[in-house]
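A.B. asks: Below are the structure tokens for one structure; questions will follow.
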Amino acid sequence: LDESMIIAKKNKDDSGIAGIHTVYGIIYKNKAHYEEAIKSYEIALKIRVKEKKLQDEAKVLNGLAQCYNGTGESSKAFEYYNRSIEIKRQIDDKQGVANSLSNLSISYRDVGDYAKAIQYSKEAIEYFNDIENPASRYRNLMQLGTYQVIVGYLDEGKENLNKSLDFMLKVHDYKSAGMIHRYLGLIAINNQNWESAQTQFIKALNYHQQSQ
């Protein structure tokens, strides 16, 4: 990458420079080096805005949002996610909109705003339905179900968790299956169904052990 950057700068290839800084941003972000990632993304963003390359701009904005979520700067994360979503809707990038809405719901969950977390999770699921992406749909149903259980919408949460459970078992995602059974166990406890709770927690433990 360093050699590619030297060549891009030598050729005054702004688009190439932006692309390389975006890759640097991804690398730093994945290592949780958020400050370095933000610096790279900001450089890329300035170039993409100047070039009016909306799809690339939206990707950079989403990366910045993830970084600010990682640093705990939630207001900036919300801002960048929404800017990214606005552009993706403008260019009809439904997969991109769905992914950003899902990320946005997680960000609101992280600050304890479950009302908005549920709202954006539902919107994401609608988009995943439209683009026929079952894997993302079921993972977001699981995510939505956990939010609903936490805030006390137990019937809705149970329904969404059970919808996602069969898919998780089908793809051998035992870690997620274990988490679903754990939340189903919490629902059973709330309903004072102790035998069902015990069964659910045993299944949760077994699946977590299988996922190791």
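A.B. asks: List every residue pair whose Cβ atoms lie under 7 Å apart, where the two residues are 6 or more positions apart in sequence or sit on different chains, the first residue falls within region 67-90 and is at negative phi and in contact (Cβ under 8 Å) with a residue 24 or more places away in the chain, and the second residue, located anywhere, is open to solvent by 30 Å² or more (accessible area, probe 1.4 Å) and not in a helix (DSSP H, G or I).
C.D. replies: Pairs that qualify, where the first residue is at negative phi and in contact (Cβ under 8 Å) with a residue 24 or more places away in the chain and the partner is open to solvent by 30 Å² or more (accessible area, probe 1.4 Å) and not in a helix (DSSP H, G or I), are GLY70/ALA32; SER74/VAL111.
A.B. asks: Taking the conditions exactly as written (within 18 Å of the chain's Cα centre (by Cα), open to solvent by less than 60 Å² (accessible area, probe 1.4 Å), aliphatic (A, V, I, L, M) and at pLDDT 95 or above), does LEU161 satisfy them or not? Give the steps one after another, and end with the answer.
C.D. replies: Working: within 18 Å of the chain's Cα centre (by Cα): yes; open to solvent by less than 60 Å² (accessible area, probe 1.4 Å): yes; aliphatic (A, V, I, L, M): yes; at pLDDT 95 or above: yes.
Yes; evaluated as a whole, the condition is true for this residue.
A.B. asks: Also: Looking at the structure I just gave you, is SER164 under 24 Å from ILE87 (Cβ atoms) and small (Gly, Ala, Ser)?
C.D. replies: Values: under 24 Å from ILE87 (Cβ atoms): no; small (Gly, Ala, Ser): yes.
Considered against the rule, which asks whether it is under 24 Å from ILE87 (Cβ atoms) and small (Gly, Ala, Ser), SER164 comes out as no.
A.B. asks: Here's another thing I want to ask about it. Say we look at region 43-99 and pick out the residues that are small (Gly, Ala, Ser) and crowded, with 19+ Cβ neighbours inside 10 Å; which of these is nearest to the chain's Cα centre (by Cα)?
C.D. replies: Residues of region 43-99 that are small (Gly, Ala, Ser), as a first pass: 44, 58, 63, 65, 70, 72, 74-75, 77, 84, 96, 98.
Keeping just the survivors that are crowded, with 19+ Cβ neighbours inside 10 Å gives 44, 58, 63, 65, 77, 84, 96, 98.
Details: ALA44: 22, ALA58: 15, GLY63: 11, ALA65: 11, ALA77: 12, SER84: 13, GLY96: 11, ALA98: 9 Å.
Only one residue fits best here, namely ALA98.
A.B. asks: Shifting gears a bit: Of SER107, SER121, which residue is modelled with pLDDT under 95 and closer than 23 Å to LEU61 by Cα? Working first, answer last.
C.D. replies: Values: SER121 fails: modelled with pLDDT under 95.
Answer to the selection: SER107.
A.B. asks: Sticking with this one: Working only within region 164-181, note down all residues that are of a type in the set (Val, Ile, Thr) and either open to solvent by 60 Å² or more (accessible area, probe 1.4 Å) or over 11 Å from GLY145 (Cα atoms) (or both). Before you say what the answer is, go through the steps one by one.
C.D. replies: First, pick out the residues of region 164-181 that are of a type in the set (Val, Ile, Thr): 171, 180.
Passing the criteria: only VAL171.
A.B. asks: Same structure, new question: Among residues belonging to region 191-212 that are among the polar types (S, T, N, Q) and in contact with a helix residue (DSSP H, G or I) (Cβ under 6 Å, 6 or more places away or on another chain), point out the one that is most open to solvent (accessible area, probe 1.4 Å). I'd like the intermediate steps shown before the answer.
C.D. replies: Start the filter on region 191-212 by keeping residues that are among the polar types (S, T, N, Q), which leaves 191-193, 196, 198-200, 206, 209-212.
When the remaining residues are screened for being in contact with a helix residue (DSSP H, G or I) (Cβ under 6 Å, 6 or more places away or on another chain), the result is 196, 200, 210-211.
Numbers: SER196: 39, GLN200: 32, GLN210: 103, SER211: 48 Å².
Only one residue fits best here, namely GLN210.
A.B. asks: Mind listing just one residue for me: the one in region 114-140 that is open to solvent by 40 Å² or more (accessible area, probe 1.4 Å) and not in a helix (DSSP H, G or I) and, of those, farthest from LYS94 (Cα to Cα)?
C.D. replies: Filtering first and then ranking leaves GLU132.
A.B. asks: Looking only at region 1-42, filter to residues that are charged (D, E, K, R), touching a helix residue (DSSP H, G or I) at 6+ places or on another chain (Cβ under 7 Å) and closer than 28 Å to LYS76 by Cα; which one of those is surrounded by the most Cβ atoms within 10 Å (Cβ to Cβ)?
C.D. replies: LYS29
A.B. asks: Within region 120-129, is even one residue farther than 14 Å from SER102 by Cβ and among the hydrophobic types (A, V, I, L, M, F, W, C)?
C.D. replies: First, the residues of region 120-129 that are farther than 14 Å from SER102 by Cβ: none.
Scanning region 120-129, I find no residue that is farther than 14 Å from SER102 by Cβ and among the hydrophobic types (A, V, I, L, M, F, W, C), so the answer is no.
The values are calculated or read from the model by the stated rules, or taken from the named source; none is laboratory data. All of these numbers come straight from a predicted model, not from anything done at the bench. Because the Cβ atoms are built from the backbone with ideal geometry, glycine has one as well, and the counts that use them run over all protein chains shown. These accessible areas exclude ligands, DNA and RNA; they are computed on the full protein's heavy atoms, side chains included. Shrake-Rupley method; radii C 1.70, N 1.55, O 1.52, S 1.80 Å.
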